[in-house]
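Structure first, commentary second.
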């Protein structure tokens, strides 16, 4: 995920088996392959990030934007919304089947569609399964590093928040970061159940505070000490 001014060499990489059939094996990438991906999203920005692409690329988008503070919006063209907890979803209706996302991106650039109607992704395991789609659990078990943070179908527990934090720490350390800022609201969205009447924000905040070690510091906290705005800067690498 790069800045528009970042120059790249010509490339033609694909998940399609067709290039292997043509003998162009160097162009093929397996979905289970793990890469050291480049992400140039500005750390202080809260502008929306919008995804135009096929479902094969959604897990990678999830990994690269997991810690981003702004809205993360996914356009899709399927009747059943994709499983993407914590992300905003907007359906693009079109009769185009192949490479519909190019058409969608052009429509967005032309001002024909906007992101005003995007809604927070639902999580209904039975409906997702019936539509033949993989759940977040399946994403995380696929053997690829590119997976959305796991989301529990039931009310999240302290262990779910600790696990999500661990995944974020490992990813940030892999990218060579010296620290990572975690906001309770964003963490709870990744794990699931927030926003909602039955959220577990106090448990989420307690889990965040419980793993603090020397060098960590609280950047922001609500008067109640246990709210969505709680933000903690965790020093990396973590003490094992």
Stokes-Einstein D (µm²/s) once Rh is taken as the Kirkwood radius of region 1-115 over alpha-carbon pairs, at 37 °C in 0.692 mPa s: 205 µm²/s
Residue 96 paired with residue 69, simple spin-label distance in nm, labels 7 Å along Cα-to-beta-carbon: 3.5 nm
Ordering of 59-70, 104-115 by burial proxy (mean other Cβ atoms within 10 Å per residue, highest first): 59-70, 104-115
Mean Cα-pair separation over length for region 158-235, i.e. relative contact order, pairs under 8 Å, 6 or more apart, %: 36 percent
Separation of alpha-carbon centers, region 87-113 and region 223-240, rounded to whole Å: 37 Å
Inter-label distance, nm, simple model (7 Å from Cα along the C-beta direction), residue 170/residue 198: 2.9 nm
Rounded FRET efficiency, nearest 0.05, which uses the C-beta distance separating residue 78 from residue 8 and R0 of 30 Å: 0.50
Binned Cα-Cα distance frequencies in region 158-235 - 10 Å width, integer %: 19, 56, 22, 2
Ranked packing of 22-29, 93-100, 192-199, most packed first, by mean Cβ within 10 Å: 192-199, 22-29, 93-100
Net length gained if the chain between residue 44 and residue 213 were fully extended (0.36 nm per residue, minus Cα distance): 58.4 nm
Spin-label model distance (nm) - residue 57 vs residue 236, 7 Å beyond Cα toward Cβ: 2.4 nm
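Here, each number is a calculation from the coordinates, and none is a lab measurement. The structure presented is a predicted model; accordingly, all values stated were derived computationally and were not measured. Counting neighbours? That spans all protein chains shown, and the Cβs are built from the backbone with ideal geometry, glycine included.
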